[in-house]
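Asker: Pasting in a structure now, in structure tokens, and then I'll have a few things to ask.
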Amino acid sequence: MSSVIEITAPSRLHFGLLSFGQPAMRQFGGVGAMIDQPGLRLLISPADRFSPEGRLSERVRATVERISSKLRLDTAPACRIEVLTAPGEHVGLGTGTQLSLAVAAGLNAFLGRQELEPAELATLAGRGERSAIGTYGFAHGGMLVETGKAAGEPLSPLHQRVELPDAWRFVLVCPQDQCGLSGDAERRAFRELPPVPLETTARLLNEVFEELLPAAVERQFERFSESLYRYGYAAGMCFADRQGGPFASPRAAKLVRTIRELGIRGVGQSSWGPTLFTLLPSVQGADTFIGRIRQHLSDADTVLVARPNNSGAQITQHAQR
């Protein structure tokens, strides 16, 4: 345990769920992709006692307490866990999942234990209650499709993974005046939302398997972009009773319309938002788009360019200084 463990994890975009509320159906499922920015980085180093430091320290503490209980340890491992960089929480980038998985995988390595499979890691970290995109994305990166959880399954099985072209870029637009649902509020929303109609799930599945996946495999940018928008819009309408439409707010809906009017076809909302993403074919295309969209944003909005992450999290060991 004299080594320092460094974990670098990607961020997650969730394009939308496939189903919920129909007892005979697999629950949730969905499509998403991993991106390299803003990402998360933390260090685990030997110490006299457990000490979480840096950003999100209380969330790290809670995760370590859970892991220690699951591993039947008498006390938390004697280590210092420092979160060096992390996106904001509850903005649609899967920060909570990536942090919990990074802590679990890092501690597992710190303790010299055998590497865990995604379902084992999710159980240890306490993730995967609904979506499995972040878990498989942490392990593998890429664009991921999972068709939902059956009763009793700890984690939805991964249906397909596709590597997105390195040249493509996602431009993230994140309004700073709101955040998405999480925790008990999210669970309550799913209880109160009407079930997704079977015909809607069928339409979403058809979009994924007839358009989105083939376009990703064949690297057809325009086809993929249009399908991405159609899928996200239809999936978002399943939350209209809560959001008032397919997007998190009237301002988000207006921004999506503006982006489409600028000729950008691939645009959507990640999870509950507020982060919006747009897909561009290159760095140059992303830079041009940013120059055009700036006039429609407030000074408080953040804009970030991210490339697809096709490798998942990286765990490395360094000699302690």
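The values are calculated or read from the model by the stated rules, or taken from the named source; none is laboratory data. Every value quoted in this text rests on a predicted model; they were computed, and no experiment measured them. Glycine gets a Cβ as well: all are built from the backbone with ideal geometry, and neighbour counts include every protein chain shown.
Asker: Is it the case that some residue within segment 198-206 is touching a Ser or Thr at 6+ places or on another chain (Cβ under 9 Å) and of a type in the set (Ser, Thr, Tyr)?
Answerer: Within segment 198-206 (the criterion being touching a Ser or Thr at 6+ places or on another chain (Cβ under 9 Å) and of a type in the set (Ser, Thr, Tyr)), the answer is yes, since at least one residue qualifies.
Asker: Of 66, 61, which residue is touching a Pro at 6+ places or on another chain (Cβ under 7 Å) and assigned to a helix (DSSP H, G or I)?
Answerer: 61
Asker: Can you name every residue in segment 185-199 that is assigned to a helix (DSSP H, G or I) and within 23 Å of the chain's Cα centre (by Cα)?
Answerer: 185, 186, 187, 188, 189, 190, 191
Asker: Okay, next question. If only one of 150, 78 is touching a Lys or Arg at 6+ places or on another chain (Cβ under 8 Å) and modelled with pLDDT under 95, which one is it?
Answerer: That would be 150, the only listed residue that is touching a Lys or Arg at 6+ places or on another chain (Cβ under 8 Å) and modelled with pLDDT under 95.
Asker: Identify all residues within segment 147-199 that are among the acidic types (Asp, Glu) and over 22 Å from residue 225 (Cβ atoms); write none if there are none.
Answerer: Answer for segment 147-199, where residues must be among the acidic types (Asp, Glu) and over 22 Å from residue 225 (Cβ atoms): 153, 177, 184, 186, 192, 199.
Asker: Out of all the residues in segment 178-192, is one or more at pLDDT 95 or above and either of a type in the set (S, T, N, Q) or over 28 Å from residue 300 (Cα atoms) (or both)?
Answerer: No, segment 178-192 contains no residue that is at pLDDT 95 or above and either of a type in the set (S, T, N, Q) or over 28 Å from residue 300 (Cα atoms) (or both).
Asker: Select from segment 150-166 the residues that are free of Cβ contacts under 8 Å to residues at least 12 places away in the same chain and loosely packed, with under 14 Cβ neighbours inside 10 Å and write down the one among them that is nearest to residue 211 (Cα to Cα).
Answerer: That would be 151.
Asker: Another question about this same structure. Mind counting the residues in segment 62-99 that are farther than 21 Å from residue 248 by Cβ and not β-branched (Val, Ile, Thr)?
Answerer: Within segment 62-99, residues that are farther than 21 Å from residue 248 by Cβ and not β-branched (Val, Ile, Thr) number 19.
Asker: Within the set of pairs 6 or more residues apart or between chains, which connect a residue that is of a type in the set (Gly, Ala, Ser) inside segment 237-265 to a residue that is in a helix (DSSP H, G or I) and surrounded by 13 or more Cβ atoms within 10 Å (Cβ to Cβ) with Cβ atoms less than 8 Å apart?
Answerer: Final answer for the pair search is 245/236; 245/237; 245/253; 249/243.
Asker: Hey, does segment 178-188 have a residue that's within 18 Å of residue 13 (Cα to Cα) and either touching a Pro at 6+ places or on another chain (Cβ under 6 Å) or without any contact (Cβ under 8 Å) to a residue 40 or more places away in the chain (or both)?
Answerer: Looking for residues that are within 18 Å of residue 13 (Cα to Cα) and either touching a Pro at 6+ places or on another chain (Cβ under 6 Å) or without any contact (Cβ under 8 Å) to a residue 40 or more places away in the chain (or both), one finds at least one in segment 178-188, hence yes.
Asker: Looking at (1) under 20 Å from residue 156 (Cα atoms); (2) surrounded by 20 or more Cβ atoms within 10 Å (Cβ to Cβ), which is the one condition that is false for residue 117?
Answerer: Here residue 117 meets the rest and fails (2).
Asker: Follow-up question, since we're still on this one. Looking at segment 249-292 only, could you name the residues that are over 18 Å from residue 304 (Cβ atoms) and among the basic types (Lys, Arg)?
Answerer: 251, 254, 257, 260, 265
Asker: Check 101, 107 and return the single one that is touching a Pro at 6+ places or on another chain (Cβ under 8 Å), buried (at least 20 other Cβ atoms within 10 Å of the Cβ), in a helix (DSSP H, G or I) and modelled with pLDDT of 95 or more.
Answerer: 107
Asker: If I ask for residues that are more than 18 Å from residue 8 (Cα to Cα) and part of a loop (DSSP other than H, G, I, E, B), which ones from segment 128-154 would you list?
Answerer: 128, 129, 130, 131, 132, 147, 148, 150, 151, 152, 153, 154
Asker: Could you please find all residues in segment 69-87 being outside any helix (DSSP H, G or I) and surrounded by fewer than 16 Cβ atoms within 10 Å (Cβ to Cβ)?
Answerer: Listed by number, the residues that qualify are 71, 72, 73, 74, 75, 78, 84, 85.
Residues are listed down the side, and each one gets a yes or a no for (1) β-branched (Val, Ile, Thr); (2) under 23 Å from the mean Cα position of the chain (by Cα):
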position	(1), (2)
23	no, no
35	yes, yes
39	no, yes
43	no, yes
48	no, no
53	no, no
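Asker: Any residue at all in segment 300-309 that is assigned to a strand (DSSP E or B), small (Gly, Ala, Ser), within 13 Å of residue 15 (Cα to Cα) and within 19 Å of the chain's Cα centre (by Cα)?
Answerer: no
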